[in-house]
Amino acid sequence: MGLIEGLVAIAGLTVLTVVSRGFFFLIDKDLPMPGWLHKGMRYAPLAALAAVVAPEVVLDHGQLVQTWRDPRLWAAAAGLAWYAWRRGLLGTIVVGMTVLLGLRLGLGW
Amino acid sequence: MAEREQAKTEPIWRDPEYLRGAREMLPIVPGVAAWGVVTGVTMVNSGIGLPLAVVMCLTVFSGTAQLATLPLFVSGAPLTVIWTTAACLNLRFVIFSMGWKPYFHHLPRAMRLRIAYFSADLNYIFFARRFPDPKASPEQLPYFWGGALTNWGAWMLSSLLGIFLGDAVPMAWGIGFAGTLALLGMTASMLGGRITWIALGVAATASVAAYALPLKLNIVVAVAAAVAAGLIMEAAGDRRRATVDDRGERP
């Protein structure tokens, strides 16, 4: 992607940041919304995140990982375990990366 | 009253509510900063190039959207795909904006635009705890800016640091996976109640299964499938229970 097109894309992303964060208090009138959409919207952010994360953990060049000796699997599991225990985002990253680097550098996986 | 008048002439950072907002944000600054460094390192190592990485860091101010769209920038995806992906990820902000509305809807538009840009999701969680009653009051703005600018400052400094440290970090070690771990932690933080677990499972499975689709359409498919699954489960639950009450999946 060239510099100009990149800048256009970034400008659009910045506008999206403002519009999404202010959506309901930027529009002046009350927006009618079907009830089912209102309900369903609650699952969209979680779904979008999960959809981004899952392939990053279990796919390798578009294929399901074929071995349990993939450090990403263990790092993700360790990070999740930490989160379930302590609810800390920083700890999730630190524990996950410790496992990843330990397996990759220590065991050469 | 006299106090209010005086507060208007003083700079906002002298306001006790501003200080309170900033102080309450401080304990999570290390978390924000770690996330920022990771984002900065990931951005500069993605192949997007230093100028675009710096501009993106200084303007977009949404870590999730930045990380998720980087691979799209690098692979030369069309603008519409980049923006659609970010819009899907930003949907959570739309939901938070429903929460912000009673506090800010009466303000002038220019002020609302500024608030919109700076109102990160973490800020909403603190703000809603400080002002549980959804009514506007004068001490809310200083409190908001105290927390929001602390969060913004921590994010900007750390992600710029990450950008300039980028080349010093050996990427063969898989440091970039820290970004995925951060997203994983955020995903876990959104879980609450059985239906959110089902939505998570459906989205993750659908995204992996549909991964071969072009233009990251697997994300769109996964979101649609998870929303449909969530609604179906809710409807089934409503029918099972004679008394329909909202169990409140998320705060």
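Each reported figure results from applying straightforward, stated rules to the coordinates on display, with no laboratory input. What you see is a predicted model, and the numbers here were worked out from it, not measured in a lab. Note that we place each Cβ from the backbone using ideal geometry, even for glycine, and neighbour counts take in every protein chain shown.
Just a few scattered comments:
- Computed from the alpha carbon positions, the gyration tensor of the protein assembly as shown leads to an equivalent ellipsoid with semi-axes of 33, 26, 20 Å, biggest first.
- Highest-MSF residue in chain B out of B:182, B:33, B:225 [GNM, Cα springs under 10 Å]: B:225
- Cα long-axis angle, helix A:71-86 against chain A (0 to 90 degrees, to the nearest 10): 70
- Span-like helix ranges in chain B, DSSP H, alpha carbon extent 30 angstrom or more, Kyte mean at least 0.5: B:140-165, B:217-240
- Label zone at residue B:79 (point 7 Å along Cα-to-Cβ), backbone N below 13 Å, segment A:1-31: A:2-16
- Residue-averaged beta-carbon neighbours from other chains (10 angstrom radius) around A:88-101: 6
- Alpha carbon convex hull of segment B:62-156, volume per residue in cubic angstrom: 105
- Alpha-carbon centroids, segment B:141-206 and segment B:53-110: separation in whole Å: 14
- Cβ-Cβ distance of residue A:87 and residue B:212, R₀ of 51 Å, FRET efficiency by 1/(1 + (r/R0)^6): the value works out to about 0.90.
- The label-point distance for residue A:105 and residue A:8, in a model that sets each label 7 Å from Cα toward Cβ, rounds to 4.3 nm.
- Note: relative contact order over chain B, using C-alpha pairs below 8 Å and six or more positions apart, is 30 percent.
- Relative frequency of Cα-Cα separations exceeding 14 Å in segment A:45-106, percent: 61
- Sequence of B:104, B:96 once ranked by neighbouring C-beta atoms within 10 Å, starting from the fewest: B:104, B:96
- Shielding value for B:95-102 is 6, the average number of Cβ atoms from other chains within 10 Å of each residue's Cβ.
- Mean partner shielding of peptide B:33-43, defined as the number of other chain Cβ atoms within 10 Å of each residue Cβ, is 1.
- Tilt relative to chain A, helix A:89-101 - C-alpha long axis, 0 to 90 degrees, to 10: 40
- Taking the longest Cα principal axis of chain A as reference, the axis of helix A:44-58 is set at about 20 degrees.
- Three-way shape label, chain B, alpha-carbon gyration tensor, a/c 1.5: oblate
- Using C-alpha pairs under 8 Å with a sequence gap of at least 6, the mean separation divided by the residue count of segment A:43-98 gives a relative contact order of 25 percent.
- Lysine pairs in the protein assembly as shown with Cα atoms under 30 Å, if 8 or more residues apart or on separate chains: 10
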